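Rule-based calculations on the coordinates, nothing more; no lab input. These numbers were taken from a predicted model, which means no experiment stands behind them. Cβ sites come from the backbone with ideal geometry, for glycine too, and all protein chains shown count toward neighbours.
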Amino acid sequence: MLSLDASWEPGSRWPPQCCVPAFVYAALRNEGISFAAPAALPALLGVKVAPNDENPLQLPVVGHGEPAGITANKSMVSINRLLSEIGAPIAFRHLPFRKIPFSMYDDALERALGLGLVVGAGVDYAKMPNSQTRVRSQHVFRVVTFKSGSVHLFDDSGECSPPELNLGFEDLTKAIIAAGDGWWLIGEPASLEQVGGL
């Protein structure tokens, strides 16, 4: 792994499989929390790469049958541990669609954004309207805005092209359901609890 004072800085693109660290780094910046060593985030969070991926950060390679990147379940532990260790007054919560009552996915999103939370959408990128691949691929986009049934997304990792896109909420919902995923939420713990109280 690169040392904590490595010269690598995230520019327009992070290394492969780093959408979760990129999302976390964007959330820290959004909250005004400095993190001097973004190159260390993927390793600190437990990201693994596929055998054929570029690996400039010398991350561990997945074993046979193991998914690349990092799962939502592992993220719940590693992101919150990291936030606690750096003394950040924020926390992370993963809200799978299957736990949102009455399929009120849009209500949960509106509430989260209204509370000032940084919101990510965990999708199967192959199901996104602009995708050039049909191979199932888990990915996290950051939700910038949600207005009049349209969602503005941004890919903080720079892995997807274009990194910014607008799409209908129904299309986004289909991609999230295909991934078996949901909303990725970072912000004040009290606000995170309010989203869970749907």
Filtered residue count, segment 112-127, keeping only those that are outside any helix (DSSP H, G or I) and more than 14 Å from I186 (Cβ to Cβ) | 2
Of all residues in segment 54-70, which are buried (at least 16 other Cβ atoms within 10 Å of the Cβ), under 19 Å from the mean Cα position of the chain (by Cα) and over 15 Å from L41 (Cβ atoms)?
-> A68
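What do you reckon, is V151 in contact (Cβ under 8 Å) with a residue 12 or more places away in the chain, over 19 Å from Q17 (Cα atoms) and outside any loop (DSSP other than H, G, I, E, B)? Outline the logic, then answer.
On the way: in contact (Cβ under 8 Å) with a residue 12 or more places away in the chain: yes; over 19 Å from Q17 (Cα atoms): yes; outside any loop (DSSP other than H, G, I, E, B): yes.
When the stated conditions are applied, V151 passes them.
Yes or no: segment 46-63 includes at least one residue that is free of Cβ contacts under 8 Å to residues at least 12 places away in the same chain and assigned to a helix (DSSP H, G or I).
No, the conditions are met nowhere in segment 46-63.
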Meets criteria (aliphatic (A, V, I, L, M), under 18 Å from the mean Cα position of the chain (by Cα) and either within 14 Å of F23 (Cα to Cα) or not in a strand (DSSP E or B) (or both)) for L109 = yes
Name every residue in segment 86-106 that is in a loop (DSSP other than H, G, I, E, B) and crowded, with 19+ Cβ neighbours inside 10 Å, in order of residue number.
-> I90, I100
Residues in segment 157-198 that are of a type in the set (F, W, Y) and not in a strand (DSSP E or B) total 1
What tally of residues in segment 157-178 results from selecting those that are surrounded by 17 or more Cβ atoms within 10 Å (Cβ to Cβ), in contact (Cβ under 8 Å) with a residue 40 or more places away in the chain and among the hydrophobic types (A, V, I, L, M, F, W, C)?
-> 4
